[in-house]
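Undergrad: Before anything else, here's the structure in question.
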Amino acid sequence: MNKPWIKNPSKVLPQLMVAVWATWGYFSMGTVRGWSSPGIPSLNRTLDFEMSSSDFQWISSFPMLGAMLGSLFINKPMQYYGRKNALIGHYLIFIGGFLITGFTYFGKHKSMLYVGRFLMGFAAGCTTPAAQIYVSECASPRIRGRMGSLTASSLALGVWLTYIIGSFVDWHVLSWILGCLPILFMGGSFLLPESPVWLISKGRNQEAQRSLQVLRGKGTNIEAEIERIKEHQERVAIKSGQDDTVMQQFRDVLTSGPVVKPLAISLSIMLFQQTTGINAIVFYTVSIFQTAGSSMDGTYATIIVGAVQLIFTVASGFLVDRCGRRMLYIVSAITTSIPLTAMGTFFYFQHQWGDQEATDYFGWLPLVSLMVFFITYSGGISNVPFIIMGEMFPLRYRSLLGGISSSFHLFCTFVVVRFFPDMLREMGKDGTFYFFAGCTLLSAIFVYFLLPETKGKTLEEMEQLFSSNNLSESRKRINCLDDVIAMEISLNGTVVLLGRSETNDCDTEELQLSVNKL
């Protein structure tokens, strides 16, 4: 039976407060993604400088190009200046991007829009690895999934709030408002503790103890956890031979099994997340409703859809450590394919019958389908890829791999958003949504066979899992062991607990069981 995650509030609340504040960067990322849906139609209505239809497509997708570079750039600041300082610094880029975009209203040249949107995306790219890795390193294993899922909730909140504000103000005012919020977030980030894992990696052990004590609560004994982190980092240092050059890390990324395996899984799941069509739908929600000829105003329908996404993204955070990452993703993927198929079917009938007749019979279907889509998508696909990104990567390569995974994720986002209008034209609206549904089902099969469960594992245990030559065998052994550990049995009338200990040889996967009488 799972213990209530808030059973010890003095231990959990400090971690919760830190995780909430650390994920405001994802909120700002959500405002960048949500800007296009109300901003592009508003810009088109009030346009008084030269822009082509192609420019509008590029303005929607251009942040993703900046994000690809940002997610790679943030690797070094995270490694040398710390996770906390990287979070603080990237808010300055958000502020600059939004303000430049807003001041295009006075500058009246599309180049300002391109620069502003590029900077927005660059900052959003910095957010993904910085916030996710920081939260993963600060949270205890039992609640790390819930803490990590806050990033998806913050992202959904940012999108929804942008929809609401954008329905009442023009695009330039929207940009100025959204540019003011990161100022608040940056100020609060100065109060966050630094990642204890990063502090220990820099030999700042006393600061790491103070940081971990803040995160675990004043009355908590942190000595065992500190020692575990130290021992793990010593093993990492010995294995790496202190050769920590960039070229060596890139060689390991291409050749080392413990590095290649988690990176390949993360990249694949990031790809599958985007081939659900999520960001194409978020960026073009208003346009989709207009194309579908829905009887409800597109702006208000967008607000409803955004609210549904937010509510169920938050709700899924309470399931991720109870159901596990794999099961949550698989169920989410299978159920998400249903509303995507329904959208494709609506557009098929619209093509066969004509706009008016299809709307008369099925005018309610686009809104219902998108609501169900965001409910099922938010149940697992929205947050699992980001959670496992912060869990699976080895410590030595965590910043680098986080940047690569985030950059690839944003590249996939760019491709889908940029070419979504072309897909609608070339494949047809029905074919495009059928394509998204097929990719979503394929992702469930991938996760079932290839993604190991990370629920309840320490970051060190995850690293040892991928060090095995046989990933599936290691996954079975560790999962079975967890089942044994969780069992209380009675032997000759004496209640005993099975516990786990590892051999001193960290290169082996041998695990020993000990029986402790109560």
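Undergrad: So if I check each of Phe420, Phe436, Phe466, which one is in a helix (DSSP H, G or I), open to solvent by less than 20 Å² (accessible area, probe 1.4 Å), touching a Pro at 6+ places or on another chain (Cβ under 6 Å) and modelled with pLDDT of 50 or more?
TA: Phe466
Undergrad: Tell me, which residue of the range 349-387 that is touching a Pro at 6+ places or on another chain (Cβ under 8 Å) and open to solvent by less than 20 Å² (accessible area, probe 1.4 Å) is farthest from Arg146 (Cα to Cα)?
TA: Ser369
Undergrad: Something else: Could you identify the single residue in Pro258, Pro262 that is of a type outside the set (Asp, Glu) and either modelled with pLDDT of 80 or more or touching a strand residue (DSSP E or B) at 6+ places or on another chain (Cβ under 7 Å) (or both)?
TA: Working: Pro258 fails: either modelled with pLDDT of 80 or more or touching a strand residue (DSSP E or B) at 6+ places or on another chain (Cβ under 7 Å) (or both).
When all the criteria are applied, what remains is Pro262.
Undergrad: Determine whether the range 98-112 contains at least one residue that is of a type in the set (S, T, N, Q), surrounded by fewer than 19 Cβ atoms within 10 Å (Cβ to Cβ), assigned to a helix (DSSP H, G or I) and more than 15 Å from the chain's Cα centre (by Cα).
TA: Step one: list which residues in the range 98-112 are of a type in the set (S, T, N, Q), which gives 101, 104, 111.
Cutting the leftovers down to surrounded by fewer than 19 Cβ atoms within 10 Å (Cβ to Cβ) gives us 111.
Filter again for assigned to a helix (DSSP H, G or I), leaving 111.
Next, from what is left, pick out any that are more than 15 Å from the chain's Cα centre (by Cα): 111.
Scanning the range 98-112 turns up at least one residue that is of a type in the set (S, T, N, Q), surrounded by fewer than 19 Cβ atoms within 10 Å (Cβ to Cβ), assigned to a helix (DSSP H, G or I) and more than 15 Å from the chain's Cα centre (by Cα).
Undergrad: Let me ask something else about it. Of the residues Ala67, Ala86, which is closer than 28 Å to Asp422 by Cα and in a helix (DSSP H, G or I)? Steps first, answer last, please.
TA: Numbers: Ala86 fails: closer than 28 Å to Asp422 by Cα.
On inspection, the qualifying residue turns out to be Ala67.
Undergrad: Go through the range 335-361 and report how many residues are farther than 30 Å from Ile445 by Cβ and part of a helix (DSSP H, G or I).
TA: Taking the range 335-361 first, the residues farther than 30 Å from Ile445 by Cβ are 350, 352-361.
Next, from what is left, pick out any that are part of a helix (DSSP H, G or I): 350, 352-353, 355-361.
Of the residues in that region, 10 qualify.
Undergrad: Further question: Here's a check for you: in the range 152-174, which residue that is aromatic (Phe, Trp, Tyr) and touching a residue at least 12 places away in the same chain (Cβ under 8 Å) is nearest to Leu319 (Cα to Cα)? Let's see the steps before the verdict.
TA: So the first thing to find is which residues in the range 152-174 are aromatic (Phe, Trp, Tyr), and the list is 160, 163, 168, 171.
Add one more test, that the residue is touching a residue at least 12 places away in the same chain (Cβ under 8 Å), and what stays is 160, 163, 171.
Working: Trp160: 22, Tyr163: 27, Trp171: 37 Å.
Top of the filtered list is Trp160.
Undergrad: Same structure again: Output yes when any residue across the range 52-61 is under 23 Å from Asn279 (Cα atoms) and acidic (Asp, Glu), and no when none is. I'd like the intermediate steps shown before the answer.
TA: Residues of the range 52-61 under 23 Å from Asn279 (Cα atoms): 52-61.
Filter again for acidic (Asp, Glu), leaving 55.
Within the range 52-61, one or more residues are under 23 Å from Asn279 (Cα atoms) and acidic (Asp, Glu).
Undergrad: Let me ask something else. When you check Tyr80 against the structure, is it surrounded by fewer than 24 Cβ atoms within 10 Å (Cβ to Cβ), hydroxyl-bearing (Ser, Thr, Tyr) and part of a helix (DSSP H, G or I), yes or no?
TA: Numbers: surrounded by fewer than 24 Cβ atoms within 10 Å (Cβ to Cβ): yes; hydroxyl-bearing (Ser, Thr, Tyr): yes; part of a helix (DSSP H, G or I): yes.
So Tyr80 fits the description; yes.
Undergrad: Right, here's the next one. Contact list please: Cβ distance under 8 Å, first residue in the range 41-55 and touching a residue at least 12 places away in the same chain (Cβ under 8 Å) and under 16 Å from His172 (Cβ atoms), second residue open to solvent by 30 Å² or more (accessible area, probe 1.4 Å) and not in a helix (DSSP H, G or I), pairs at least six apart or on different chains.
TA: Ser42/Asp170; Thr46/Asp170; Asp48/Lys108; Phe49/Lys108; Phe49/His109
Undergrad: Is it true that Met1 is farther than 17 Å from Thr104 by Cβ and at pLDDT 85 or above?
TA: Considered against the rule, which asks whether it is farther than 17 Å from Thr104 by Cβ and at pLDDT 85 or above, Met1 comes out as no.
The values are calculated or read from the model by the stated rules, or taken from the named source; none is laboratory data. If you're wondering where the values come from, they're calculated on a predicted model, not measured in any experiment. In this analysis, Cβ positions are derived from the backbone assuming ideal geometry, glycine residues included, and neighbour counts consider all displayed protein chains. Note: areas computed on protein heavy atoms with side chains; ligands, DNA, RNA excluded. Shrake-Rupley method; radii C 1.70, N 1.55, O 1.52, S 1.80 Å.
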